[in-house]
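**Student:** One structure coming up, written as structure tokens, with questions to follow.
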Amino acid sequence: MAKEIHSETFRDEGVFFVVLVGVAAFAVSAAMSLLAGMPKPEIHDEFSYLLAADTFAHGRLSNPTHPMWIHFETLHVNQQPSYASMYPPGQGLLLALGKIATGYSIVGAWLGVALGCAAVCWMLMAWLPPRWALLGGMLVTLHPMVMQWSQNYWGGGLAMAGGALVLGGFRRVLSQPRSRDAAVLGIGVGILANSRPYEGLILSMLVLATLLVWTFRRSSPGWQVMLRQFFVPAFLTLLPAGIFIGYYNYRVTGNVLRLPVMVNFATYGQAPPFLWMEARPQAGYRHAAIEKFHGELAMKEFRKQRTLIGFVSRAWEKILGLAKDYFQSWGLIAPLLMILFKRKIDPWMRLELALFGSFLLAFLPVTWMQTHYTAPIVPLGFVIVAQGMRDLYQWHWRNLSLGTWAVNISLLVCVIAAVLAFRDLSYGDPHHLGWYSKREQIISHLNKKGGKHLVVVRYGPEHDPHLEWVYNGADIDGSQVVWAREMNDAQNLQLVNYFKDRKVWLFDADTFALYAVR
């Protein structure tokens, strides 16, 4: 009876902690956006995710190709065989939920980070006592990198949630195979497949390989039990996600097995996403800015890493970049050092370090690197840090309990880093006007004029292709302001005649000058 009461208390406490962390993460994310104003998209990837969100909010998975689509070609967006984002649908679905529920897509990003932080807390309870899991969950919530993920549209939080569910289910299955934990792991794999497919595949394969090796060890319950309690439930849980991915691919690309990103690469790409692949011949680009992005900037980065010196140099830069972002919360350095300098590392910690290191090694051959690409493995990093903090807490020197002071100082430093990040994200320079702010100003100005508008964008030969202006919503014809690329006179005339009911403007993307044409 006593054991049952203890188990019930443990479970109730765990649920409360998970909910507490999720609510705290959502509150912190919302506070930053509300204080600074709803974040504006800055990076071309974000506009593509917002197109996905708008498409889903309209109740469809893709949009028909527009008759004037050659004027609407842009980065990371497919125009044929359908008009859609090239990215997996997970982040777009979250943003669509925020848009439908509140009118603001960024609320979906808050929700993604809240789910991610709550999932990390749940995962940590499989590795640590509940109070330490709560502490780890709060450290994730207040980490500057995670806080930044809640203030942009390209994600991080959802993939972190998927990784946490995979790792939490994995650790529980190793302790006692149960269908419930296998199902949670399967849900996590499904989330990763719909948010960060390659990185999710790396983590899933590492976990699967570990489980297969463990299954045939003498200490395991046997392959029959694992088949019944893990492999079958995990497969059945993952099956709906696989069916959805296939159907989504079919609606966007016309082929169940062809991802939208594959269509985009076949249409525009020259530099492949992985360094072991060969570059493609130059595509027939219709727009100089798109050609410059794919044929010059992307290829320069790819070619640099194809040499041994270039690969090693860039790999080191990637590792340093990840370390810089991970340790924006400086208080995490001391617990990590505690782990690295321990005389004896327990088997669980060796497993964690091996999984983390293997993931990073598999990540290095990726041509382009952004920290949120590694979101699936971030939960494991917090397992390592939380265990290091627990070991640090127990540190004694000459009968002095120095660990308590060391942990308190580390936590104080983490809080200071979070406050500084909150300040920077919430109280940025109000007079700073990036190109994206100028774009928002133009849209607001034209909306106030009333009626419908067509903005034809002109790019100079030296224009930076990262500063891309031509992005539209899912319903181009129904939009009050439509952005289009300038082409030759005959093509421009076709465009203007198609939008004959609109006020036409010419916008110079290099001087920010807007001219009335008709």
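**Student:** Once you have a ≥ b ≥ c as the square roots of the Cα gyration tensor eigenvalues for region 203-317, tell me rounded if a/c is under 1.5, and otherwise prolate or oblate according to whether a/b is larger than b/c. Each step should come with its number before you reach the end.
**Tutor:** Numbers: a/c = 4.93, a/b = 1.70, b/c = 2.90.
Oblate is the answer for region 203-317, as a/c is 1.5 or above yet b/c matches or exceeds a/b.
**Student:** Beyond a 19 Å Cα-Cα separation, which of these cross-linked pairs lie in this structure: LYS40/LYS99; LYS99/LYS500; LYS292/LYS438; LYS300/LYS438; LYS40/LYS503?
**Tutor:** Pairs exceeding the cut-off: LYS99/LYS500; LYS292/LYS438; LYS300/LYS438; LYS40/LYS503.
**Student:** Under 1.5 on a/c is rounded, so check that first for region 435-516, then, if it is not, pick prolate when a/b is larger than b/c and oblate when it is not; a ≥ b ≥ c are the square roots of the alpha carbon gyration tensor eigenvalues.
**Tutor:** On the way: a/c = 1.65, a/b = 1.14, b/c = 1.45.
Taking the square roots of the gyration eigenvalues as a ≥ b ≥ c, region 435-516 is oblate.
**Student:** With a cap of 13 neighbouring Cβ atoms within 10 Å, and only residues DSSP puts in a loop, list the GluC sites (Glu not before Pro) found in region 447-514.
**Tutor:** Counting only loop positions with at most 13 other Cβ atoms within 10 Å, the GluC sites (Glu not before Pro) in region 447-514 are GLU462.
**Student:** Ok, one more. Tally Lys and Arg at +1 and Asp and Glu at -1 over the other residues with C-beta under 11 Å from the C-beta of ALA266: what net charge comes out?
**Tutor:** +2
**Student:** Calculated from DSSP H runs of 4 or more alone, at -39500 (n - 2.57) each and per residue, what is the 222 nm mean residue ellipticity of the chain, nearest 500? Don't skip to the end; give the middle numbers.
**Tutor:** Values: 21 runs with 310 residues, N = 518.
Mean residue ellipticity at 222 nm (helix-derived): -19500 deg cm²/dmol.
**Student:** Tell me the trypsin sites (Lys or Arg not before Pro) within region 283-381 that lie in a loop according to DSSP and have at most 10 other beta-carbon atoms within 10 Å.
**Tutor:** ARG343, LYS344
**Student:** Pop out the ³J(HN,Hα) list for region 293-298 in order, Karplus 6.51 cos²θ - 1.76 cosθ + 1.60 with θ = phi - 60°, rounded to Hz; leave Gly and Pro as x.
**Tutor:** Couplings: 5, 7, x, 10, 5, 5 Hz.
**Student:** Once you put a point 7 Å from the Cα of GLU440 and another 7 Å from the Cα of ASN255, both along the Cβ direction, what distance in nm separates them?
**Tutor:** Each label point is offset 7 Å from its Cα along the Cβ direction, giving 3.9 nm.
**Student:** Please go through region 438-518 and write out the chymotrypsin sites (Phe, Trp or Tyr not before Pro) that DSSP classes as loop and that have at most 11 other C-beta atoms within 10 Å.
**Tutor:** Sites meeting the loop and neighbour criteria: none at all.
**Student:** Residue separation times 0.36 nm, minus the C-alpha to C-alpha distance between SER401 and LEU351: what's the value?
**Tutor:** Taking 0.36 nm per residue and subtracting the Cα distance, the gain is 15.1 nm.
**Student:** Under 19 Å from a label point 7 Å along Cα→Cβ of LYS500: give me every residue in region 448-478 with its amide N that close.
**Tutor:** Backbone N within reach: 452-455, 477-478.
**Student:** So what is Rg over Rh here for the chain, counting just Cα atoms and using Kirkwood for Rh?
**Tutor:** Taking Rh as the inverse mean 1/r over Cα pairs, Rg/Rh reads 1.00.
**Student:** Picking from TRP397, ILE476, LEU167, whose Cα lies most toward the positive end of the charge dipole for the chain (charges on Cβ: Lys, Arg +1; Asp, Glu -1)?
**Tutor:** Checking the options against the dipole of the chain, the answer is TRP397.
**Student:** If I fit a long axis through the Cα atoms of helix 197-215 and take the longest principal axis of the Cα atoms of the chain, what angle between them do I get, 0 to 90°, rounded to 10?
**Tutor:** With rounding to tens, the tilt is 20 degrees.
**Student:** With +1 on the Cβ of every Lys and Arg and -1 on the Cβ of every Asp and Glu, and nothing else charged, how large is the dipole of region 435-516 about its Cα centre, in debye rounded to the nearest 20?
**Tutor:** 440
**Student:** If I take R0 = 35 Å and measure r between the Cβ atoms of SER479 and GLU317 in this structure, what FRET efficiency does the formula 1/(1 + (r/R0)^6) give, to the nearest 0.05? Please report the intermediate quantities before stating the final value.
**Tutor:** Numbers: r = 40 Å, r/R0 = 1.15.
The computed FRET efficiency comes out at 0.30.
**Student:** Please report the antiparallel percentage of DSSP beta bridges with both residues in region 435-516, rounded to the nearest 5.
**Tutor:** On the way: 4 of 15 bridges.
Of all bridge pairs located within region 435-516, approximately 25 percent are antiparallel.
**Student:** Taking 45 Å as R0, compute the FRET efficiency from the Cβ-Cβ separation of MET262 and ALA513 and round it to 0.05.
**Tutor:** 0.70
**Student:** Apply the Karplus curve 6.51 cos²θ - 1.76 cosθ + 1.60, θ = phi - 60°, to the phi angles in region 177-188 and return the couplings in whole Hz, x for Gly and Pro.
**Tutor:** x, 9, 4, 4, 5, 5, 5, 5, 4, x, 4, x
**Student:** Indicate, rounded to the nearest 5 percent, the antiparallel portion of the DSSP beta bridges found entirely in the chain.
**Tutor:** For the chain, the DSSP antiparallel bridge percentage is about 45.
Read-outs: derived from the displayed coordinates by stated rules, not from any lab. These numbers were taken from a predicted model, which means no experiment stands behind them. Cβ atoms come from the backbone with ideal geometry, glycine included; neighbour counts cover every protein chain shown.
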